[in-house]
Amino acid sequence: MPRGGGLMAPGARPLLLLVVWTLAALARRGLAEAGDGGWQWRGPGAPAALTEEQSCAVERRADLSYSEFVQHYAFSRPVILQGLTDNSRFRALCSRERLLASFGDSMVRLSTANTYSYRKVDLPFQEYVDHLLHPQDPTSLGNDTLYFFGDNNFSEWASLFQHYSPPPFSLLGTTTAYSFGIAGAGSGVPFHWHGPGFSEVIYGRKRWFLYPPEKTPEFHPNKTTLAWLQDIYPTLVPSAKPLECTVQAGEVLYFPDRWWHATLNLDTSVFISTFLN
């Protein structure tokens, strides 16, 4: 037989197929982590794609200086920041596989998805991901909907948060506090307000609805944002509609003090807010 002949040793073909299959699986996993982090819902009951607004009404800035931020946005209107920080390392650590490996046994505190979030429920992070991280039921009330946002154990999650780079802007006399969350498609918090802050999407997309402090929105505090979007939003005259925009992965929205806002996760989303207290 010529040297380098084409006969394959017995048993080599199944082994080769196993190697090829393993490499393909690793490649698929790598693509998932690079794209949606493995978070997107692929099981039965996945919702029809939730849509973005027809036109974003919040300005996007990729070259904003601190002086411009203070002069034009900090006290007067929202803005979406692009490219000010590099959180690629933090993003990689927030993939589904890595978070479950690091924090699957950790207890997390869930809040109800209504304006006041009175009820809290503690359960293991793995259980939340396996059983509660599903698309929002449009008929569910806010106090029947639990999701993970805020109330983080900062000591237990410190190994993750140390890799996050917050936006480089602050306000005089304030301190920063993180609030990390993961929520299913169609979930969100109805209208509420608090102090100023930043909210960055790590995976997924988050649609925001915002009103200035002097313009109280029409909403029910125990109806979900999805229900509001379906029932109330279509009835609003143009002058009564909010500022709105969908924040994409890697973008950061800044909201000023006391601005009303509601959120709607268009995909299973991973996000982190930096509150200026």
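Stretch Ala158-Asp144 to full length: gain in nm at 0.36 nm per residue minus the Cα-Cα span?
Working: separation 14, 0.36 × 14 = 5.04 nm, distance 2.99 nm.
Extra length from Ala158 to Asp144 when fully extended: 2.0 nm.
Between the amide H of Glu59 and those of Ile80, distances stay under 5 Å, these residues lying 5 or more places away or on another chain, with hydrogens modeled in the peptide plane. Each of Val247, Val201 was scored by other Cβ atoms within 10 Å of its Cβ. Listed from fewest to most, they are Val201, Val247. Placing dummy labels 7 Å off each Cα toward the beta-carbon, the span from His192 to Ser179 is 0.6 nm. As a ratio to 2.2 N^0.38 Å, the alpha-carbon radius of gyration for region 58-276 is 0.99.
For region 62-89 versus region 162-189, the inter-centroid distance based on Cα atoms is 14 Å.
Around the amide H of Arg77, modelled in the peptide plane, lies no amide H under 5 Å away from a residue 5 or more places distant or on another chain.
Between His131 and Lys241, residue separation times 0.36 nm minus the direct Cα-Cα distance comes to 36.1 nm.
Computed from label points 7 Å out along Cα-Cβ, the spacing between Thr216 and Asp122 is 3.6 nm.
Can you compute 3J(HN,Hα) from phi for each residue in region 51-64, using the Karplus curve 6.51 cos²θ - 1.76 cosθ + 1.60 with θ = phi - 60°, rounded to whole Hz and x for Gly and Pro? For region 51-64, the Karplus curve yields 9, 7, 5, 5, 8, 6, 9, 10, 5, 9, 10, 9, 9, 7 Hz. For Trp260, nonlocal amide neighbours, meaning residues 5 or more places apart or on other chains whose placed amide H falls under 5 Å from its own, are Tyr211.
Figure the gain on full extension for Asp257 and Cys56 (residue separation times 0.36 nm, minus the Cα-Cα span) and round it to one decimal in nm. Mind showing how you got there, number by number?
Values: separation 201, 0.36 × 201 = 72.36 nm, distance 2.09 nm.
Between Asp257 and Cys56, full extension yields 70.3 nm more.
None of the figures in this text is laboratory data; all of them are computed from the coordinates on show. All values derive from a computational prediction rather than experimental measurement. Note that we place each Cβ from the backbone using ideal geometry, even for glycine, and neighbour counts take in every protein chain shown.
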